[in-house]
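What follows is a short report on a single structure.
Each value in this text was obtained by applying a stated rule to the coordinates, not by laboratory testing. Computed from a predicted structure; not experimentally measured. Virtual Cβ from ideal backbone geometry, glycine too; neighbours counted across all protein chains shown.
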């Protein structure tokens, strides 16, 4: 019995949406889903290859399939007075997103214009390279400038110890090297809107994928390179991200932040000292609610905990300090210190 056009279209969409995760067994995976013959499934795959929607590599037995982009863009822009991120988006970028869900377009629009503007205003470079790739299932935006490097500039502007310290401050939000014209919110919110967000600069990569992570990379990146990736089926909205960092549901002000405690340490060192705690809590008086994320932190010292949950809390009574992802041992220590503080 022949399949209806609707069913054929459904099978084709299934193949396209799953070939990335099933590059070696997409035929069998689709066959199991629809209970059709392997010959039928291979026919659909062959058609997609001929239409250049799927790539193929290897021999018949060891074939590997890949998803080909439906749209792409590459352009280098010279940083000059007339260069403006909204014009670049409107004239060069927006048309690539025809047919994409509106909420995803809004996130890409926000992220692109924020990062591109940062490169114009802060990088001290002379050019910006943009590369955008759109597949049926996801979108990747890369923006690279040839300036002084974001971590290096933050370090020098705020007289911080090193790039590690700069990255910790960047993760908190409300950090800018030009407070007269910028709020320091763009990178913070952009990193939370995308499924994957990564900044490469110098020898380091700082990224967000549910949590903030710092890596040392093999290559030495000149300037600042930002990668932003999001699923084209994402249900996330710009408004939903903004609301997560607002203490008052009736107020859209950015007054709540999540701080990755793991970034307060160097390498595998233990978090035991008051100096480490002070570095972690610096500048947090800008917020009403501070959530300390203990992901990847197994234990903390008593002095470190006391500095935060007794000394800092007592001297900042208008700031709520909360925790998340803390294990049983950390919870117990915090409760003891809060108890001694009369909380």
- Item | Angle in degrees between helix 5-18 and the longest Cα principal axis of the chain, rounded to the nearest 10 | 40
- Message: Counting other beta carbons within 10 Å of each residue's own, what order do 70, 37, 232 fall into, fewest first?
- Response: 37, 70, 232
- the range 33-107-the range 231-284 distance, computed between alpha-carbon centres (Å): 33
- Can you put 42, 50 in order of Cβ neighbours within 10 angstrom, beginning with the fewest? 50, 42
- Query: Would you list 49, 142 from fewest to most Cβ contacts within 10 Å?
  - Reply: 49, 142
- Between the modelled labels at residue 285 and residue 36 (7 Å from Cα along Cα→Cβ) the distance in nm is 6.6
- Item | Computed helical MRE - 222 nm, the chain, DSSP H runs ≥ 4 contributing -39500 (n - 2.57), nearest 500 | -10500 deg cm²/dmol
- What is the gain in length, in nm to one decimal, between residue 59 and residue 244 on full extension, counting 0.36 nm per residue of separation less the C-alpha to C-alpha distance? 61.7 nm
- By the gyration tensor of its Cα atoms, with a ≥ b ≥ c the square roots of the eigenvalues, what is the shape of the range 1-90: rounded for a/c under 1.5, prolate for a/b over b/c, or oblate? prolate
- Across 44, 77, 34, the residue with the highest GNM fluctuation in the chain (Cα network, 10 Å cutoff) is 34
- The Cα radius of gyration of the chain, divided by 2.2 N^0.38 Å with N its residue count, comes to 1.18
- Where does helix 38-50 land angle-wise versus the long Cα axis of the chain, in degrees 0 to 90, nearest 10? 80
- Please work out whether the range 67-132 counts as rounded, prolate or oblate from its C-alpha gyration tensor, where a ≥ b ≥ c are the square roots of the eigenvalues and a/c under 1.5 means rounded, while otherwise a/b larger than b/c means prolate and anything else oblate? prolate
- Query: With r defined as the distance between the Cβ atoms of residue 161 and residue 25 and R0 fixed at 35 Å, what FRET efficiency is calculated, to the nearest 0.05?
  - Reply: 0.10
- Between residue 327 and residue 52, what FRET efficiency comes out of the Förster formula 1/(1 + (r/R0)^6) with R0 = 51 Å and r the beta carbon distance, rounded to 0.05? 0.50
- Tell me, in nm to one decimal, what length is gained between residue 318 and residue 2 on full extension, where the rule is 0.36 nm per residue of separation less the Cα-Cα distance? 106.9 nm
- Message: Just to verify a number: FRET efficiency for residue 137 and residue 91, C-beta to C-beta distance, R0 = 30 Å, to 0.05?
- Response: 0.65
- Message: Expected output is a single nm value to one decimal: the length gained when fully extending between residue 74 and residue 233, i.e. 0.36 nm times separation in residues minus the C-alpha distance. What is it?
- Response: 54.9 nm
- Order the peptides 153-165, 80-92 from the highest to the lowest mean number of other Cβ atoms within 10 Å of their residues. 153-165, 80-92
- Item | Two-site label geometry, residue 269 and residue 303: point separation in nm, points 7 Å out along Cα→Cβ | 1.2
